[in-house]
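Only one structure is covered here, and it is reproduced in the block below.
The values are calculated or read from the model by the stated rules, or taken from the named source; none is laboratory data. All values reported here derive from a predicted model rather than from experimental measurement. Note that we place each Cβ from the backbone using ideal geometry, even for glycine, and neighbour counts take in every protein chain shown. Surface areas here come from the heavy atoms of the whole protein model, side chains and all, with no ligands, DNA or RNA. Shrake-Rupley method; radii C 1.70, N 1.55, O 1.52, S 1.80 Å.
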Amino acid sequence: MMAMFRSFVSASTQFRQQQQQQQQQSSSGPGPLAAPPEAVESQFSCPICLEVYHKPVSIASCGHTFCGECLQPCLQVASPLCPLCRVPFDPKKVERSSNVEKQLASYKAPCRGCTKKVSLVKMRSHISSCSKVQEQIANCPKFVPVVPTSQPIPSNIPNRSTFVCPFCGARNLDQQELVKHCMENHRNDPNKVVCPVCSAMPWGDPTYKSSNFLQHLLHRHKFSYDTFVDYSIDEEAALQAALALSLAEN
């Protein structure tokens, strides 16, 4: 009988202690949850280049943040739109994001190659010199279909990654470099030219000349066509999907 009584008292004491601990935890609130390292880097990545912010700036009207250099092409047009939410904004109300800069300096994340923990503010320079990352880039697998298909793997995919300046013939320019090159060298060029980006597409007209090529380039070519096309489907289906996208933009 005495053993049963002692067991009951011990159980009651443990129950009261557990209740007291729960009350203390509820009164103090839940403790901060540590985010996984990958989430930290993703949280501080530019929506345009998908890399850790470099000299971040924020749009006052919507609060979205981008790398200063990534947002530059949008600031060159008369009525700029936020690249993320498409809300109009005043170019004069784009400010340096000092708060984000402080966070970049205080957080660390593992390098995607060597897994060494690096301050986010130094992540870009580290990745550019990390031998493991460079090795990963060199060993990127060749194109394979995402699902089994009877279609042959294409060998003559047209180059839609780099373009030639229609004004002066400068070569090997990607879309951002083409915008920057034309802004710096051909801002006041009145000539009508064929858009090299459009003419490289399946639906493109290689004879159509744009009356305001620079404006067209800034408004129409925010993303790469190859990002959205699955080459395992046939060319006709790709053409139909591209035409639908073009009509939706208009």
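Here are the numbers for the structure shown:
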| item | result |
| --- | --- |
| Meets criteria (within 30 Å of Gly63 (Cβ to Cβ), part of a loop (DSSP other than H, G, I, E, B) and either modelled with pLDDT of 85 or more or open to solvent by 80 Å² or more (accessible area, probe 1.4 Å) (or both)) for Arg171 | no |
| Output for the stretch 116-141, where each listed residue is surrounded by fewer than 12 Cβ atoms within 10 Å (Cβ to Cβ) and hydroxyl-bearing (Ser, Thr, Tyr) | Ser125, Ser128, Ser129, Ser131 |
| Helices (runs of 4 or more DSSP H) contained in the stretch 40-137 and holding at least 1 residues farther than 28 Å from Leu178 by Cβ, outside the structural domain of Lys180 (by the TED database) and hydrophobic (A, V, I, L, M, F, W, C) | 98-106 |
| Number of the condition not met by Asp189 [criteria: (1) more than 25 Å from the chain's Cα centre (by Cα); (2) surrounded by 14 or more Cβ atoms within 10 Å (Cβ to Cβ); (3) at pLDDT below 85] | (3) |
